[in-house]
1. Take residues that are in contact with a Gly (Cβ under 9 Å, 6 or more places away or on another chain) and within 15 Å of G199 (Cβ to Cβ) and tell me which of the helices (runs of 4 or more DSSP H) falling wholly in region 98-173 contain 3 or more.
2. Scan region 255-277 and give yes if some residue there is under 24 Å from T138 (Cβ atoms), touching a residue at least 40 places away in the same chain (Cβ under 8 Å) and in contact with a helix residue (DSSP H, G or I) (Cβ under 6 Å, 6 or more places away or on another chain), otherwise no.
3. Checking the conditions here, which among F200, F184, F148 is farther than 21 Å from P106 by Cα, at pLDDT 90 or above and aromatic (F, W, Y)?
4. Can you tell which of L61, L117 is open to solvent by less than 50 Å² (accessible area, probe 1.4 Å), under 24 Å from G219 (Cα atoms), free of Cβ contacts under 8 Å to residues at least 24 places away in the same chain and of a type in the set (A, V, I, L, M, F, W, C)?
5. Within region 84-97, is even one residue among the aromatic types (F, W, Y), over 25 Å from the mean Cα position of the chain (by Cα) and either in a helix (DSSP H, G or I) or farther than 24 Å from M223 by Cα (or both)?
6. Being open to solvent by less than 80 Å² (accessible area, probe 1.4 Å), among the charged types (D, E, K, R) and modelled with pLDDT of 90 or more, is that true of even one residue in region 94-110?
7. Do we find that V262 is closer than 21 Å to V155 by Cβ, at pLDDT below 85 and not acidic (D, E) in this structure?
8. Would you please list the contacts, defined by Cβ atoms under 6 Å and residues six or more apart or on different chains, that run from a residue in region 173-195 that is touching a residue at least 60 places away in the same chain (Cβ under 8 Å) to a residue that is of a type outside the set (S, T, N, Q) and assigned to a helix (DSSP H, G or I)?
Amino acid sequence: MARRARRILPGFGLTLGLTWFYLGLLVIVPLSSLFLKTFTLSWDQFWTTVGSARALAAYRLTFGASLVAAVTNAVFGLLVAWVLVRYRFPGKALVDALVDLPFALPTAVAGLTLTALYSSNGWYGRYLEAAGIQVAFTSVGVAVALTFIGLPFVVRTVQPVLEDIDVDVEEAAATLGATPWETFTRVIFPAILPALLSGFTLALARALGEYGSVVFISGNMPMRTEIAPLLIITQLEQYDYAGATAIAVVMLTASFALLLAVNLLQRWSRRRLEARPS
């Protein structure tokens with residue numbers, strides 16, 4: 001009888017069981033209770049709650065502002081990562097540390113800071129409103145707050161990949177007659193695209209569930225600047241627990257579908273990159 005190959009790290013059954021137990025305790029059971037509470041509503045009650053004009057306005061603002069923030073972070077996060085990896089300049093360590101500030105800063109503090117900056121008498125707001133642009137207490141302010149809290153995700157996922165790309169590859173492309181734009185679009189960008197999509201996904205997921213940094217700068221006006229997480233809090237304050245879980249289920253389902261689509265796109269881009277001839 002052939003001798004079974006020994007695993008370098010034994011205990012697969014135990015670790016897999018602990019993994020399922022951990023995920024079940026922290027993820028599966030809470031999400032299941034969310035659906036079970038929603039099932040206490042009748043079908044008509046469910047659709048009346050999740051399909052109300054107020055709820056639809058909150059969905060549009062939440063997903064729209066989150067998408068704008070994630071796309072903005074994908075563009076400028078790539079730029080920041082590129083500067084940090086490819087250039088040396090005074091204060092580089094400080095800039096690198098500032099990227100992680102949204103991770104460490106409490107979201108409520110971030111919201112208060114942004115509100116103070118963009119209000120009508122703030123450092124930025126006074127000049128923007130003089131030009132006819134209002135940020136605080138508008139949907140623009142919501143997008144600004146979500147952009148602020150999502151920047152580190154893109155930078156920190158793209159930065160290691162850029163560091164692994166050998167500069168000799170760019171020099172070889174230039175030797176073969178490629179322009180700087182062709183080198184970036186045909187050599188560098190395909191290599192960092194999976195990481196960029198990962199950062200985009202993380203930033204989008206973070207923005208969809210954000211509450212603390214938005215609650216102050218948005219003004220929380222129903223039908224105008226009220227986000228879905230705030231609407232859920234409002235339902236809870238009114239002791240409408242089933243209504244709150246119904247809106248949460250819609251957010252959960254839509255967010256899962258959106259993130260699944262992005263992850264499938266990321267997997268496709270990675271496979272396409274691996275299939276390219278070396």
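1. Numbers: elements: 101-104, 107-118, 125-130, 139-164.
Of the helices (runs of 4 or more DSSP H) lying wholly inside region 98-173, those with at least 3 residues that are in contact with a Gly (Cβ under 9 Å, 6 or more places away or on another chain) and within 15 Å of G199 (Cβ to Cβ) span 139-164.
2. yes
3. Numbers: F184 fails: at pLDDT 90 or above; F148 fails: farther than 21 Å from P106 by Cα.
Answer to the selection: F200.
4. Working: L61 fails: free of Cβ contacts under 8 Å to residues at least 24 places away in the same chain.
Being open to solvent by less than 50 Å² (accessible area, probe 1.4 Å), under 24 Å from G219 (Cα atoms), free of Cβ contacts under 8 Å to residues at least 24 places away in the same chain and of a type in the set (A, V, I, L, M, F, W, C) holds for just one of L61, L117, which is L117.
5. Applying the first criterion (among the aromatic types (F, W, Y)) to region 84-97 yields 87, 89.
Next, from what is left, pick out any that are over 25 Å from the mean Cα position of the chain (by Cα): 87, 89.
Those left that are additionally either in a helix (DSSP H, G or I) or farther than 24 Å from M223 by Cα (or both): 87, 89.
Yes, region 84-97 contains a residue that is among the aromatic types (F, W, Y), over 25 Å from the mean Cα position of the chain (by Cα) and either in a helix (DSSP H, G or I) or farther than 24 Å from M223 by Cα (or both).
6. yes
7. Numbers: closer than 21 Å to V155 by Cβ: yes; at pLDDT below 85: yes; not acidic (D, E): yes.
Yes.
8. Final answer for the pair search is P190/L273; I192/V158; I192/V161; P194/R270.
The values are calculated or read from the model by the stated rules, or taken from the named source; none is laboratory data. Predicted model, so just to flag it, every value in this text is computed and none were measured. Quick reminder, even Gly has a Cβ in these numbers, built from the backbone with ideal geometry, and neighbours come from all protein chains shown. Ligands, DNA and RNA are stripped out before the accessible areas are found, and what is left, the full protein with its side chains, is counted by its heavy atoms. Shrake-Rupley method; radii C 1.70, N 1.55, O 1.52, S 1.80 Å.
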